[in-house]
Amino acid sequence: VIVTQAVTGYDDPQEVRRLQRGDYFGEKALLSEYRRTANVIAETPGVECLVVERTAFNALIGNLDELREKDYGDLERGATGYLSSSKIDRNCTSASGISEQLKDLTLDELEVIATLGIGGFGRVELVQTTKDKHTYALKCLKKKHIIDTRQQEHIHSEKKIMSQANSPFICKASTTNDPIFLPSPCRGCFDDSTSRFFVACVVEALEYLHSRGIVYRDLKPENLLLNKDGYIKLVDFGFAKRIGFGRKTWTFCGTPEYVAPEIILNKGHDLSADCWSLGILIFELLTGSPPFYASDPMKTYNIILRGMDVMEFPKKIGRNPQNLIRRLCRESPTERLGYQKDGLADVKNHKWFHGFHWQGLLHRTLEAPIKPKVKSPTDYSNFDSYGKDMDVPPDDLSGWDENF
């Protein structure tokens with residue numbers, strides 16, 4: 001088998017390598033959204049190939065770093081289309097995941113347009129560079145507060161995970177991604193079809209994370225934003241953690257209404273905690289409120305511990321989504337749909353998703369049910385209004401963020 005590639009300086013594709021029995025190709029396209037840059041040509045008398053589709057690949061072998069980091073030398077040889085297909089020319093992303101145009105950028109070169117959101121640990125500002133007018137969402141944290149709450153490790157983990165993430169359903173750190181906006185009717189509920197589309201985007205994002213041994217731990221509507229085309233992107237990775245496979249972590253974190261029982265009981269949790277939260281999300285998208293709620297977090301936890309089996313579902317949740325929610329929110333983590341042998345592929349194959357065009361979702365050919373009205377990259381009309389933060393935080397000279 002001959003592999004040819006269009007190379008800068010040559011009119012015709014050039015032979016770059018030959019494949020023998022047992023060799024493989026195409027794994028880069030399965031691991032990411034990279035466009036194919038090479039042609040694979042079978043010589044006489046032909047060749048027999050074994051094919052694996054993306055879902056099975058990610059579930060079985062997609063977490064191997066040696067495949068993800070394999071370098072075929074495309075960049076060095078100047079393969080035509082390499083930069084544009086990997087979006088390096090648009091995002092100027094270095095190997096570390098940090099955009100080249102941001103490395104020397106100072107805060108003085110950023111103009112705050114508006115505040116997009118306020119959370120427990122800081123604010124997110126819509127900013128624009130004074131020189132090239134590129135827009136970014138800037139997360140602002142007070143270092144003193146981070147130290148007081150012992151969140152240093154979470155902050156470092158958030159930066160690392162987001163800078164390395166390469167999924168169209170995850171907001172990547174330090175890149176000029178398309179503007180993302182909160183859907184206007186987020187405080188109400190959605191119909192079955194719209195909810196299914198949003199959940200499908202979330203499933204793709206979680207499947208990407210889980211295939212790399214990362215548990216998200218903060219799934220909720222506030223962390224789901226729409227891009228200008230109406231597709232969901234997962235944001236805010238402050239609680240995300242790479243735990244690997246077959247391991248647990250014991251940190252108590254998450255939004256009370258979405259916390260899994262094993263987190264409340266401090267039994268240790270793993271990727272299955274996200275499956276529980278996914279069931280809670282489906283319930284809230286379809287009804288407008290989570291199934292377990294009380295004015296006090298401790299009361300909420302007690303209601304959660306009673307389990308989903310005693311929950312009476314409202315009539316607006318159909319039989320199929322109700323079945324999916326119950327199977328995602330099993331008390332025993334090992335019994336949850338999405339955490340068994342086939343992972344989140346089991347969720348994709350559930351009856352609620354029968355007929356859903358997953359390939360159309362991946363290739364962005366599926367029409368989104370809601371498209372935000374966006375006038376420009378600086379249009380923040382889809383977000384709530386927030387006042388300016390006039391509080392000046394105290395200096396922090398501990399040095400925990402020296403290499404941040």
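Taken per residue, the accessible surface of the stretch 255-404 reaches 57 Å², heavy atoms only and a 1.4 Å probe. If you take all other residues with their beta carbon under 11 Å from the beta carbon of PRO256, and give Lys and Arg +1 and Asp and Glu -1, the sum is 0.
The listed residues LEU278, LEU19, LEU141, LEU107 rank as LEU107, LEU141, LEU19, LEU278 when sorted by accessible area, largest first, using a 1.4 Å probe. Tell me the net charge near ASP309. Cut-off is 11 Å between Cβ atoms, ASP309 excluded, with +1 for each Lys or Arg and -1 for each Asp or Glu. In short, +1.
The largest accessible area among HIS156, HIS357 belongs to the first residue in HIS357, HIS156, and the rest follow in falling order (1.4 Å probe, all chains). Based on the reciprocal of the average 1/r between different C-alpha atoms, the Kirkwood radius for the stretch 182-303 equals 14.9 Å. Overall, the accessible surface of the stretch 181-291 at a probe of 1.4 angstrom is composed of carbon and sulfur to the extent of 51 percent. Heavy-atom accessible surface of SER289, to the nearest 10 Å², is about 60 Å², with a 1.4 Å probe and all protein chains retained.
In the assembled protein chains, LYS144 presents an accessible area of approximately 80 Å² (probe radius 1.4 Å). Each other residue within a Cβ distance under 14 Å of GLU48 adds +1 if Lys or Arg and -1 if Asp or Glu, for a net charge of -1. Taking 28 Å as the straight-line reach from the Cα of LYS315, the lysines in range (excluding those fewer than 8 positions away in the same chain) are LYS220, LYS299, LYS348, LYS351, LYS371. Against the criterion of solvent-accessible heavy-atom surface with a 1.4 angstrom probe, HIS134, HIS154 sort, most first, into HIS134, HIS154. Accessible area of SER332 (1.4 Å probe, protein heavy atoms only, ligands and nucleic acids ignored): about 40 Å².
The values are calculated or read from the model by the stated rules, or taken from the named source; none is laboratory data. Predicted, not measured: the structure shown is a model, and the values here were computed from it. With ideal geometry, Cβ positions are generated from the backbone for all residues, glycine too; neighbour counts draw on all protein chains shown. Quick note on the areas: whole protein, heavy atoms, side chains included, nothing else; ligands and nucleic acids left out. Shrake-Rupley method; radii C 1.70, N 1.55, O 1.52, S 1.80 Å.
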